[in-house]
Structures are given as structure tokens and as C-alpha cells.
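Reading through the C-alpha cells given below for one structure.
The values are calculated or read from the model by the stated rules, or taken from the named source; none is laboratory data. All values derive from a computational prediction rather than experimental measurement. Reconstructed Cβ throughout: ideal geometry from the backbone, glycine too, with neighbour counts over all protein chains shown. Quick note on the areas: whole protein, heavy atoms, side chains included, nothing else; ligands and nucleic acids left out. Shrake-Rupley method; radii C 1.70, N 1.55, O 1.52, S 1.80 Å.
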Amino acid sequence: MAETIRLTTGQALVKFLNNQFISVDGKEEHFVEGMFNIFGHGNVLGIGQALEQDAGHLKVIQGKNEQGMAHAAIAYSKQMLRKKIYAVTTSVGPGAANLVPAAGTALANNIPVLLLPADTFATRQPDPVLQQFEQEYSAAITTNDALKPVSRYWDRVVRPEQLMSSLLRAFEVMTDPAKAGPVTICIAQDVEGEAYDYPMTFFGKRVHYVDRSESTSREIDEAIQAIRKSKKPLIIVGGGAKYSEARDELVTFSETYRVPMVETQAGKSTVESHHPLNLGGVGVTGTKAANLAAKEADLVIGVGTRYTDFTSSSKTAFSYDKASFVNINVSRMHAYKMDAVQVVADARVTLSILFEKLKGYRSHHGSIDSWKKEWIQERERLSSISFDRNRFKPEIEGQFSQQVLNEYADTLNTEFPQTTALIALNKAIAKDAVIVCAAGSLPGDLQRLWDTETPNTYHLEYGYSCMGYEIAGGFGAKLAEPDKEVYSLVGDGSFLMMHSELVTAIQYGYKLNVVLFDNAGFGCISNLQMDHGSGSHGCEFRTHTGNIMNIDYAKIAEAYGAKVYRVSSVEQLQKAVKDSMCQEVSTLIEIKVLPKTMTDGYESWWNVGVAETSNVTSVQRAYQQHQTKLNTAKLY
């Protein structure tokens with residue numbers, strides 16, 4: 001007779017989480033670091049009781065918003081290169097619904113996280129319970145069903161013994177590099193407290209081995225053949241290259257065979273920015289150097305990229321009539337893209353094999369050095385933009401008149417351009433500091449302008465570009481890197497979406513630095529809107545009487561207990577950063593910046609929906625230009 005232990009479902013869950021380990025390259029450690037919680041009537045008496053009774057090694061952190069704490073958990077895993085996770089427990093109803101955008105974020109970015117929303121009663125005795133809606137076609141539908149499309153694995157536990165098979169499947173998914181993503185296990189609230197005689201073997205130490213998958217000889221032979229035929233190959237460094245920790249292999253391959261590298265948002269900081277063969281971000285938010293290299297390439301080697309529209313400039317970045325593709329990816333789905341030679345394997349292992357078999361090869365690139373030099377000069381220009389009240393030409397030209405720009409300067413009491421502020425910040429902070437961002441105009445400026453010198457210090461959530469991720473994500477990154485300065489770079493629009501986990505960071509003593517760029521509006525969408533023929537509509541933060549809003553965001557952070565700074569010049573920013581480094585509490589640096597002073601596109605195009613019919617001539621013109629460009633794009 002197998003030995004058993006009588007536990008509630010919640011207690012069994014916590015006991016199981018304490019005994020899950022992950023082994024990568026021979027290094028073994030706990031996989032689950034802790035659990036974020038917001039307790040409600042659905043989980044406080046089940047999982048909550050279990051955590052209070054015996055949390056084991058799990059760190060238990062009280063969140064302030066379900067989406068926010070889930071984003072913090074996602075950022076933690078992302079910063080840990082998917083080697084560790086936090087679980088997240090919520091109540092049923094609105095608490096579970098708030099997990100949906102976070103689950104979407106994790107799914108789009110292939111980040112493992114364990115979501116544990118409570119559910120309604122399995123017995124249905126008290127139905128409908130508080131926060132339960134009723135669908136006429138099925139009593140089994142709850143808020144948690146909304147999480148199905150945004151979960152890599154989803155299950156509902158309505159009996160205590162179901163927990164065992166559910167958890168085993170969950171950890172198989174989360175520790176598989178090819179399909180890592182959010183796992184949702186909904187546990188009926190009465191079942192969380194229900195006891196069962198679990199076999200002791202279920203709670204034994206489990207090691208989840210993440211072995212580096214190797215390519216077949218056929219895949220390697222086809223890749224070698226494609227590379228040897230090429231004269232101007234290009235490497236796209238994607239997020240998979242970072243998670244594979246393939247920096248040394250990329251550099252050795254690139255230098256030996258003189259193959260330039262370009263980066264996706266997820267891949268940036270895999271290789272340092274100053275490397276002579278790193279041409280920076282590619283695509284819609286890319287550098288001119290990288291996008292010129294993309295157009296010239298006759299072979300694109302995609303290393304761990306999923307070719308989003310921002311990377312491929314909506315499939316116009318490359319010369320498809322002459323360029324072929326080799327994709328190295330642990331995901332077969334992503335490897336299949338762009339009609340590529342598919343190498344379904346680990347990036348680091350594959351690059352090492354290709355390096356050995358390519359000896360004697362050399363590319364015929366002639367413009368790498370000049371492209372790099374020209375971009376460095378352009379970055380320098382953008383670092384020292386000066387505002388002129390009489391005749392100022394912002395980077396985003398022809399949208400706001402001089403009068404409107406002066407109105408912003410007067411209302412916000414600033415003449416600070418965004419590019420100048422961002423580059424000054426880049427120079428001021430420590431070289432090993434981690435920056436976190438997600439949405440608005442900042443990701444474009446960051447991919448183009450932010451120089452990284454230390455691996456894994458550029459943390460951009462741009463798979464889902466979820467507004468509100470920045471501060472919660474910064475807290476998660478700080479949990480992963482407690483000895484480094486972490487900076488959440490956030491626009492005023494994203495700050496207003498969500499900043500609640502700043503309170504959590506302060507509560508638990510994790511110093512987080514928030515750098516808030518305030519241009520009084522949804523700036524990047526205003527640019528998009530006006531660039532396609534529309535007027536300024538619904539994107540500026542103006543009162544009902546038409547006045548620009550000047551919000552003192554620093555007061556909010558100060559009320560929470562943060563040290564705050566208000567800056568509107570390079571000198572003030574430098575002083576604020578220097579002083580913030582001496583602080584032990586979280587800080588917020590509020591920077592008032594002028595609208596339309598972020599970077600514009602460089603040799604790129606983005607396919608967005610444009611009105612086919614309009615009574616506005618500029619919109620009609622934008623539609624025709626859109627159709628003309630679309631005719632040059634690859635159709636699939």
C-alpha cells in the first residue's frame with residue numbers, strides 16, 4: 001500500500017511547488033521562487049490557508065492589482081531567462097479577469113508563469129455565488145474561460161485528485177523551451193479546501209531537465225549550403241538567442257565570417273551595442289544601419305526570432321526577390337516562417353556546429369563600417385537637440401505647428417526633447433543597470449538609441465506591448481536582479497494605465513527607479529494618427545476647455561513613499577540620477593518632454609489599417625500611399 005498524506009488541495013499545491021527543480025547545463029535549482037497573491041473569498045481559505053500554514057521556501061508577495069502582480073511574475077521569469085518562475089493566485093471573477101492581459105503578455109513573449117485563479121463551487125450548491133455570472137447555455141462557464149485563448153495550457157480542477165495530473169502537465173509545458181508560456185489552473189474554491197489522501201511519491205523532488213536540442217545532419221547541411229551560397233548574409237538576433245545565452249557563439253560566428261548582426265526588441269543586449277558588427281535594432285523601430293543591411297542581405301539567418309511585423313517591417317524589410325532565409329529556433333512553428341531552411345534546435349548549440357562546418361567561408365559585405373559610423377553620428381545628433389521657440393523642426397515633422405509646440409513648452413514648463421533626455425539617461429546610469437519598458441514611443445527610441453554594454457540589461461516587453469507593464473515589470477526584474485539598479489522607463493499614458501506595483505516594491509523594500517517621460521498624451525499614437533492623414537484627435541491630454549493638462553506625477557509617487565525628482569534639462573537629469581543612486585528607497589524621476597521629439601522611422605514601413613474611403617484629402621492620399629507600399633510586401 002503506497003504511503004499517503006492527507007492534505008487539502010491548496011496544501012498539496014504548495015507542497016508540490018516547493019519540490020520542483022530545473023536543471024539547465026548541469027545547474028540545478030528551485031524552479032518556483034514564490035507566489036504573488038491578492039486574496040479574495042475564492043482563494044484566501046484554500047491556497048491562502050496553505051501558504052500561511054507552511055509556505056516552505058516560497059516567497060509570498062502581496063500584489064495590488066492582479067494584472068500588475070502577474071506582469072511582475074512574467075518580468076521575473078523573463079529576466080531570469082525563463083529558468084525560474086513565480087506563481088500567481090487570485091480570486092474568481094474580476095480578479096481572474098484581470099489576469100487576461102497578463103496571460104496574453106506571457107503567451108506573446110513565450111514566458112512561463114503559473115496562474116492560479118480560484119473558480120466557482122464544484123458542488124454548485126450556493127450558485128450563483130458572489131462574482132459569478134450566469135450564462136444561459138452552460139452553468140460550467142466562468143470568468144476563467146476567458147483565459148483559455150491566452151494560456152499555453154489550461155485546466156479546471158473540480159476534484160482534489162485532479163490536481164496531480166494537472167500540475168504534471170503544467171510543469172512539462174512551462175519547462176519546455178519550445179512551448180514555454182502561461183499555464184492556467186483554475187481550482188474550484190470549495191475544492192481548494194477539500195482534503196484528499198495524496199500519495200507521498202507525488203511530492204518527491206522532481207527535476208525538470210532543459211536539454212539543449214540538437215539539429216539533424218540534414219538541417220545543418222541545408223543551412224551550410226545556403227550560407228556558403230550567400231555573399232551578404234545577415235544575422236537577426238532574437239529573444240531565443242538571449243534565452244539560449246548564445247552571446248559568445250554569435251560574436252565568434254559574426255567576427256570570423258564577417259556577418260553583421262541586427263537585433264529584435266527581445267534580442268537586444270544579447271550582444272553589446274558597441275560591437276562593430278552589431279548594427280542595432282531592425283525593422284519598424286530599427287536603426288538606419290540595420291535596415292540598410294536588411295535590404296542588401298541575400299541571406300537572413302534568424303536566430304530565435306518569430307518575425308513580428310515590427311522586425312520584418314510588415315514583410316518589406318528584406319529583398320525577397322534575392323534573399324533566402326535560414327531559421328534557427330526551438331519552435332518548429334517559428335522556424336517555418338519566411339519559407340526558410342528550418343533548423344529546429346537550440347541556438348547556442350547550432351551556432352557552434354555551423355561555425356565548425358563553415359571554415360573557409362567569408363562574406364563580401366562592403367558597407368558595414370560606414371553604416372555603423374553614420375548611425376553613431378545620427379545618434380550623436382539626436383543627443384543634443386535644442387528647442388527653438390521661433391522655428392523648431394521636431395523629428396516628427398509637419399504635425400504640430402510652432403504655436404502648438406510653444407503651448408506645450410509653456411504648459412509643461414520644458415524645452416526638453418525626448419531623444420536628448422533618453423540618451424542623457426543612458427549615459428548617466430550604471431552600465432550594468434537593467435531597464436524595463438513596454439509601450440508607447442519609448443520602445444522605438446530605445447531600440448534605436450539605447451546602448452547596452454552588459455548582457456541581459458535591456459528588458460523590453462514588445463511581444464504584446466502591454467501598456468502598464470513597465471512598473472510591474474520593473475519590480476519583477478528587481479526581484480530577479482536585487483543587486484542591480486533597475487529602471488522602469490514609462491510614458492505618462494502607461495503610467496496612468498497602471499503603476500500599483502510601485503507600492504508593492506516600496507512595501508517589500510525592493511528599490512525600483514521609475515523614469516517617467518511626460519508629453520501630456522498618447523504620443524506615439526498621435527504620430528501614427530497624423531502621419532496617415534488624420535488630425536490630432538483623442539490622443540492629447542487636454543481638459544474639456546481645450547487646455548493641455550500638466551499633471552504632477554511626482555506627487556503620486558511621493559505620497560507612496562518614494563524619493564522624487566522633477567527634471568526638464570540634461571543637467572537636472574544627471575543630478576537626479578546621481579542622487580537616486582544613493583537612495584535606499586524607490587525613486588521616481590519625472591521628465592517633462594516635448595511632443596513630437598521622439599525618433600521617426602528609418603528605412604522602414606508599418607502596415608496599419610487605413611480608411612479606404614474618406615472625405616478628407618489627406619486620408620485619401622495616405623490610403624493610396626499605403627496600397628502602393630503594400631504591393632511591394634511579401635504576402636505571407
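Quick notes on this one:
- Surface share of carbon and sulfur [accessible, 1.4 angstrom probe, percent] for the chain: 49 percent
- The chain, relative contact order in percent, only Cα pairs under 8 angstrom and at least six apart counted: 14 percent
- Taking the DSSP beta bridges with both ends in the chain, the antiparallel portion is around 15 percent.
- Residue pairs, from the table Lys337/Lys431; Lys179/Lys596; Lys83/Lys148, whose Cα atoms sit over 32 Å apart: Lys337/Lys431; Lys179/Lys596
- Per residue, the average separation of C-alpha pairs within less than 8 Å and at least 6 apart gives the stretch 215-332 a relative contact order of 28 percent.
- Global form of the stretch 460-592, assessed from the alpha-carbon gyration tensor, a/c cut-off 1.5: prolate
- Cα centroid of the stretch 484-529 to Cα centroid of the stretch 126-148, whole Å: 34 Å
- Cα-based shape type of the chain, given that a ≥ b ≥ c are square roots of the gyration tensor eigenvalues and the cut on a/c is 1.5: oblate
- Residues of type aspartates and glutamates that Lys578 reaches as a straight line, Cα spacing below 16 Å, ignoring anything fewer than 8 places off in the same chain: Asp432, Glu485, Glu590
- Mean-position separation - Cα centroids, the stretch 598-633 and the stretch 410-434, in angstrom: 31 Å
- Full extension of the chain between Asp339 and Asn615 gives 95.3 nm of extra length, using 0.36 nm per residue less the Cα-Cα distance.
- Alpha-carbon centroid distance for the pair the stretch 1-33 / the stretch 552-582, whole angstrom: 43 Å
- Rolling a 1.4 Å probe over the protein chains gives Cys186 an accessible area of about 0 Å².
- Solvent-accessible ranking of Lys359, Lys484, Lys59, largest area first, probe 1.4 Å: Lys359, Lys59, Lys484
- For the stretch 365-422, applying the loop criterion from DSSP together with a ceiling of 11 other beta carbons within 10 Å to the trypsin sites (Lys or Arg not before Pro) yields Arg389, Arg391.
- Cβ-Cβ distance of Glu380 and Ala633, R₀ of 30 Å, FRET efficiency by 1/(1 + (r/R0)^6): the value works out to about 0.35.
- Within the assembled protein chains, the solvent-accessible surface assigned to Glu378 is about 40 Å², based on a 1.4 Å probe.
- If R0 equals 56 Å, the separation of the Cβ atoms of Ser352 and Asn547 corresponds to a calculated FRET efficiency of about 0.40.
- Length-normalised contact order for the stretch 101-242 - Cα pairs under 8 Å, 6+ apart - percent: 30 percent
- With both labels modelled 7 Å from their Cα along Cα-to-Cβ, the Thr201 to Glu558 distance reads 6.4 nm.
- Once the 1.4 Å probe is applied to the protein heavy atoms, the chain comes out at 40 Å² accessible per residue.
- Against the criterion of solvent-accessible heavy-atom surface with a 1.4 angstrom probe, Ser312, Ser138 sort, most first, into Ser138, Ser312.
- Neighbourhood net charge (11 Å Cβ-Cβ; Lys/Arg +1, Asp/Glu -1) for Leu7: -1
- Distance between the modelled labels on Gln53 and Gln574, one decimal in nanometres: 6.0 nm (7 Å Cα→Cβ projection).
- Label-point gap, in nm, between Glu214 and Glu407 - each point 7 angstrom along Cα→Cβ: 6.7 nm
- Residue pairs, from the table Lys511/Lys575; Lys84/Lys592; Lys393/Lys592, whose Cα atoms sit over 26 Å apart: Lys84/Lys592
- For the chain, a crude dipole built from +1 on the beta carbon of Lys and Arg and -1 on the beta carbon of Asp and Glu, taken about the Cα centre, is about 1480 debye to the nearest 20.
- Computed [θ] at 222 nm, deg cm²/dmol, the chain (DSSP H ≥ 4; -39,500 (n - 2.57); rounded to nearest 500): -10500 deg cm²/dmol
- Among the listed pairs Lys78/Lys563; Lys59/Lys427; Lys232/Lys288, a Cα-Cα separation exceeding 29 Å is found for Lys59/Lys427.
- Dipole-positive endmost among Ile328, Cys186, Ala118 within the chain (Cβ charges, Cα centre): Ile328
- Among Ser441, Ser536, the order of accessible area from largest down is Ser536, Ser441, computed with a 1.4 Å probe on protein heavy atoms.
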